[in-house]
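The values are calculated or read from the model by the stated rules, or taken from the named source; none is laboratory data. Everything numeric here is computed off the predicted structure, so don't read it as measured data. For neighbour counting, all protein chains shown are included, and Cβ atoms are generated from backbone atoms with ideal geometry for every residue, glycine included.
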Amino acid sequence: MENFKDCYQDDLENAFFDLDEFASIHTIDGKECSVVLMETSTLDGKMSYGLMKETLNPKESAINKVTHILFVREGDLRQKVTSNALMVLDNRKLFVQSVQKTEGVYKIALGIHQV
């Protein structure tokens with residue numbers, strides 16, 4: 001009988017990151033990998049899914065807007081990911097708004113800095 005961690009890893013590989021199920025191939029910083037990518041949308045200045053709302057610093061005229069949520073395996077990234085880093089996703093430069101890592105999988109909120 002498999003333990004929970006083995007079952008979890010098996011589900012990640014055979015369901016969540018399966019190209020026929022949820023994942024798709026995208027290029028991250030020049031490397032093709034299987035990821036789960038969700039696009040977010042803005043409604044009345046708030047992000048759908050309750051992920052993050054647009055913020056406007058009164059001293060600046062720019063808005064940080066989350067446009068994508070990306071799930072990627074740690075081993076598929078070329079370098080460690082941190083907030084405020086720049087990531088190139090499918091030849092589009094996006095800022096890393098937030099990063100969460102659980103059991104070798106990163107959940108990354110990507111966005112643009114819009115004036």
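Can you work out which of the residues in region 78-102 that are without any contact (Cβ under 8 Å) to a residue 12 or more places away in the chain and among the hydrophobic types (A, V, I, L, M, F, W, C) is surrounded by the most Cβ atoms within 10 Å (Cβ to Cβ)?
Residue satisfying both the conditions and the ranking: Ala85.
Would you mind stating whether Asp20 is among the acidic types (Asp, Glu), part of a loop (DSSP other than H, G, I, E, B) and at pLDDT 75 or above?
Answer is yes for this residue.
Find all pairs meeting these conditions: Cβ atoms under 8 angstrom apart; at least six residues apart or on different chains; first residue within region 12-29 and in contact (Cβ under 8 Å) with a residue 12 or more places away in the chain; second residue exposed (fewer than 14 other Cβ atoms within 10 Å of the Cβ) and in a helix (DSSP H, G or I).
What qualifies is Phe22/Ala15.
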